[in-house]
Amino acid sequence: MRRCLIILFVTLGLNLNVSAHPVYVSMCQLSIAEDRAYLDLTITIFSDDLELAIFKQDSIRLFLGSDGQISRSSEYVLRYVSKHVSISINDKELGLTAASCESLDIRKARTKIRFRLPLPKTSTTLSVENTLLLAAIDDQVNMLRLNIAGEKKAASLDSKETAVSFKIGE
């Protein structure tokens, strides 16, 4: 498992100019600091896969990471991600909004989006539903990594299983 994650990070982190790849995966990293005040969420997606999914949803080409990238690309990306990723604490959804988006980095090979979400003081269960790219790509896998003050958990989601819950406190 650790070897697969290392290969995934290297693959997603590379800034290669390729038009196709044999792996269809996104990475969703969730971190909760020791003070449990915030949940940091970072989503990394292959830009060409994201482009395809947004085209299938909105019938618009964004030309992500190229000189021809349209000016409203960020709006389309945030809207798509907000529609397909849901984070809940104790069964209460935390909205992924433009206001909670800390950064959006679009490159040719990958797109990385970072959110910061305030956590309620009594957080016991974290639920994640992730349907990113599933309607566009049959073999899509959405990896999740959770780090709670050094304690690590992981899950893999696909079209058969799109949600997972983690115990995060007493």
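The values are calculated or read from the model by the stated rules, or taken from the named source; none is laboratory data. Worth saying up front: this structure is predicted, and the values here are computed from it rather than measured. Cβ sites come from the backbone with ideal geometry, for glycine too, and all protein chains shown count toward neighbours. The accessibility values were calculated without ligands, DNA or RNA, using every heavy atom of the protein model including side chains. Shrake-Rupley method; radii C 1.70, N 1.55, O 1.52, S 1.80 Å.
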*Being of a type outside the set (S, T, N, Q), within 21 Å of Ser47 (Cα to Cα) and surrounded by fewer than 18 Cβ atoms within 10 Å (Cβ to Cβ) is the filter here, so list the residues in segment 142-170 that pass it.*
Arg145, Asp158
*Tally the residues that are in contact (Cβ under 8 Å) with a residue 24 or more places away in the chain, open to solvent by less than 90 Å² (accessible area, probe 1.4 Å) and in a helix (DSSP H, G or I), restricting the search to segment 56-73.*
2
*When Lys112 is evaluated against the numbered criteria (1) within 30 Å of Asp67 (Cβ to Cβ); (2) out of contact with any Phe, Trp or Tyr (no Cβ under 8 Å at 6 or more places or on another chain); (3) open to solvent by less than 20 Å² (accessible area, probe 1.4 Å), which criterion, by number, is the only one it fails?*
(3)
*Considering only segment 74-124, how many residues are in a strand (DSSP E or B) and free of Cβ contacts under 8 Å to residues at least 12 places away in the same chain?*
3
*Could we say that Leu52 is touching a residue at least 12 places away in the same chain (Cβ under 8 Å), farther than 30 Å from Lys152 by Cα and open to solvent by less than 80 Å² (accessible area, probe 1.4 Å) here?*
yes
*Please enumerate the residues belonging to segment 26-39 that are open to solvent by less than 30 Å² (accessible area, probe 1.4 Å) and modelled with pLDDT under 95.*
Ile32, Leu39
*asked:* Of the conditions (1) open to solvent by 50 Å² or more (accessible area, probe 1.4 Å); (2) more than 17 Å from the chain's Cα centre (by Cα); (3) small (Gly, Ala, Ser), Ser123 satisfies every one except a single condition; which number is it?
replied: (1)
_Test: residue in segment 128-138 that is under 26 Å from Ala37 (Cα atoms), under 15 Å from the mean Cα position of the chain (by Cα) and surrounded by 18 or more Cβ atoms within 10 Å (Cβ to Cβ)_ = yes
_Looking at segment 139-164 only, could you name the residues that are over 12 Å from the mean Cα position of the chain (by Cα), closer than 19 Å to Asp49 by Cβ and in contact (Cβ under 8 Å) with a residue 60 or more places away in the chain?_
Asp139, Gln140
_Could you check segment 74-93 and list, in sequence order, the residues that are open to solvent by less than 90 Å² (accessible area, probe 1.4 Å) and over 20 Å from Leu157 (Cα atoms)?_
Ser74, Tyr76, Val77, Leu78, Asn90
